[in-house]
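Here is the structure we will look at, set down as structure tokens.
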Amino acid sequence: MRAMLAAERSCAAASTSMFEGDFNDTEAHRRAVYALFKANDARCDGRVFVGVSSTGVYCRPVCRVRMPKFENCSFFHSAAEAEAAGFRPCMLCRPELAPGASNADARASLARRAAALLRERCSSGEGVEQLAAKLGYTDRHLRRVFEDELGVTPVQYLQTCRLLLAKSLLTDTRIPVAQVASAAGFGSVRRFNHLFKERYRLTPTQLRRNKSHAFDADGIVVHLAYRPPYGFARLLDFFRARQLEGVEAVDDSSYARTVRLEGAAEAGGDVVGWVRVENEPEKSRLSVRISESLLPAVSQVAAYVRRQFDTDCDPMAVYEGIRTVDELVPGAAVCGTRVPGAFDSFETAVRAVLGQQISVQAANKLAARIAETYGTPVDSGVEGLRRLFPTPRDFLALDPIEDALGELGVIKTRSRVIRELARLVVEGTLDLVPGADIERQMETLLSIKGIGPWSANYIAMRTLGYTDAFLETDAGVKHALPDLTPEQRLAAAERWRPWRAYANLCLWNSLG
């Protein structure tokens with residue numbers, strides 16, 4: 001226990017202000033960041049990169065190469081910024097695996113929301129103009145704020161995302177180079193080869209030579225790094241308790257599910273397949289195996305796994321913000337706690353509605369009946385994965401939905417809520433993805449008759465990455481804080497902003 005508490009104090013020790021502003025503004029700032037690299041501090045992974053002038057390479061804080069001299073180092077906030085300065089990625093620590101900005105950071109500005117979307121959609125083949133439109137801005141405005149805050153243009157950032165994705169596929173798979181180029185969002189193999197050689201000073205074929213490959217007949221493997229400590233077992237416990245039969249399969253070491261991504265640009269329509277997630281704690285990363293059918297949308301699949309498993313969380317900042325939970329429930333605040341997100345946002349929203357005022361087990365049964373009756377059969381080849389959850393359009397096709405779902409045991413009021421959710425998603429009024437305007441999405445959710453504050457906050461926490469959601473009326477929170485009224489719980493939670501969702505998870509986990 002002493003060792004655990006010491007580790008938790010250490011986790012919160014580094015000042016988050018160190019990562020703000022220009023890393024190279026003063027020698028003192030540079031030396032402070034240099035010390036993080038010297039310590040190989042994985043908790044800072046993805047928040048800072050170092051460019052080494054003597055080698056022309058940039059690295060992550062976890063890199064195990066010989067430590068460069070201080071005077072040869074320059075520091076950057078992103079891989080794109082390092083590449084714009086003329087550095088190429090390290091082949092050992094592989095910057096393409098680094099975790100991204102935490103959810104709270106990603107909402108801080110348009111530029112960071114745009115960066116997250118560019119990373120997620122880089123394999124779609126969409127250009128900056130199309131991605132800017134998804135955010136509701138012109139590409140000119142996006143370019144201006146992007147350069148002001150991140151130091152590179154959106155096009156430079158998008159190119160880096162595509163090149164790093166391609167580098168990952170070249171390193172970890174045997175996919176032909178032409179397919180790698182297409183999967184990474186390049187419309188031309190010739191353009192891909194030229195840009196790759198220009199940036200990385202070797203061809204894709206030269207990079208692949210003599211590399212080991214994490215590939216076999218059972219799908220393609222990609223890796224997603226996280227900042228330790230990381231409560232993977234707790235996440236599996238959460239998903240196992242809510243396992244949707246036919247759609248999900250959770251065992252003691254992995255999570256798997258069927259996948260349907262609608263309108264994948266490069267595929268020219270929907271792509272269907274499966275994904276399995278396992279932990280590699282010794283390397284501080286997740287191993288994500290996906291079916292080859294999902295290759296056209298590999299960056300989206302990776303982004304959805306990141307949000308579901310909260311890999312971009314900054315555990316130091318979170319623990320610093322919620323450690324006073326221990327004053328109410330001793331030992332509840334655990335550094336490394338993650339908020340379980342959603343791979344399929346609409347599916348999660350439907351299940352939240354089904355779970356209103358009934359047990360988790362009862363809600364699971366209702367969701368499983370819906371998937372079995374109205375979901376699409378799929379031959380995944382993976383034991384336990386045989387159905388795709390119905391899409392919003394599938395639900396809108398049920399007429400009347402009250403009768404269709406009523407036969408499965410869903411009461412009329414909840415059937416109507418599900419129909420309204422489906423309608424708003426299809427119309428585009430409701431956009432349940434991280435980076436969306438949370439206030440606007442919460443207002444839309446609360447405007448639906450039958451969705452109150454508990455449901456809206458739960459849905460926002462799971463689908464929008466809303467780190468400040470708090471469920472003061474939740475039964476689990478009530479059991480963890482039995483001596484407080486809902487109003488008193490909400491008042492107590494003010495100290496935990498903007499990380500109240502993590503405090504909520506700590507309270508749930510404290511119940512054992």
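I'm told Ala317 meets every condition in (1) part of a helix (DSSP H, G or I); (2) out of contact with any Cys (no Cβ under 7 Å at 6 or more places or on another chain); (3) over 16 Å from Gly100 (Cα atoms) except one. Can you identify the failing condition by its number?
The single condition Ala317 does not satisfy is (3).
Could you give every pair whose Cβ atoms fall below 6 Å, whose first residue belongs to segment 429-445 and is in contact (Cβ under 8 Å) with a residue 60 or more places away in the chain, and whose second residue is open to solvent by less than 30 Å² (accessible area, probe 1.4 Å) and of a type in the set (S, T, N, Q), counting only separations of at least 6 or pairs across chains?
From segment 429-445, the pairs are Leu432/Ser345; Leu432/Thr463.
Among the helices (runs of 4 or more DSSP H) lying completely within segment 156-237, list those that include at least 3 residues that are out of contact with any His (no Cβ under 8 Å at 6 or more places or on another chain), in contact (Cβ under 8 Å) with a residue 60 or more places away in the chain and not aromatic (Phe, Trp, Tyr). Spell out the reasoning first.
On the way: elements: 177-183, 189-200, 204-208.
Where helices (runs of 4 or more DSSP H) fall fully within segment 156-237 and carry at least 3 residues being out of contact with any His (no Cβ under 8 Å at 6 or more places or on another chain), in contact (Cβ under 8 Å) with a residue 60 or more places away in the chain and not aromatic (Phe, Trp, Tyr), they are 177-183.
Do we have Val259 as among the aliphatic types (A, V, I, L, M) and at pLDDT below 95 here?
Judged against the criteria, Val259 is not a match.
If I filter segment 113-155 down to residues being part of a loop (DSSP other than H, G, I, E, B) and small (Gly, Ala, Ser), which single residue comes out as surrounded by the fewest Cβ atoms within 10 Å (Cβ to Cβ)?
The extreme case among them is Gly136.
Glu443 versus (1) acidic (Asp, Glu); (2) more than 30 Å from Val329 (Cα to Cα); (3) open to solvent by less than 20 Å² (accessible area, probe 1.4 Å): which is the lone unmet condition?
(3)
I need the full set of residues from segment 14-40 which are modelled with pLDDT of 80 or more, farther than 30 Å from Leu202 by Cα and assigned to a loop (DSSP other than H, G, I, E, B), in order please.
Residues satisfying the conditions are Thr26, Ala39.
Which of the residues that make up segment 402-423 are without any contact (Cβ under 8 Å) to a residue 40 or more places away in the chain, within 22 Å of Ala342 (Cβ to Cβ) and open to solvent by less than 60 Å² (accessible area, probe 1.4 Å)?
Within segment 402-423, Leu405, Ser415, Glu420 meet the criteria.
The values are calculated or read from the model by the stated rules, or taken from the named source; none is laboratory data. Since this is a predicted model, take the numbers as computed values, not measurements. FYI the Cβ positions are ideal-geometry reconstructions off the backbone, even for glycines, and counts take in every protein chain you see. For accessibility, only protein heavy atoms count, side chains too; no ligands or nucleic acids. Shrake-Rupley method; radii C 1.70, N 1.55, O 1.52, S 1.80 Å.
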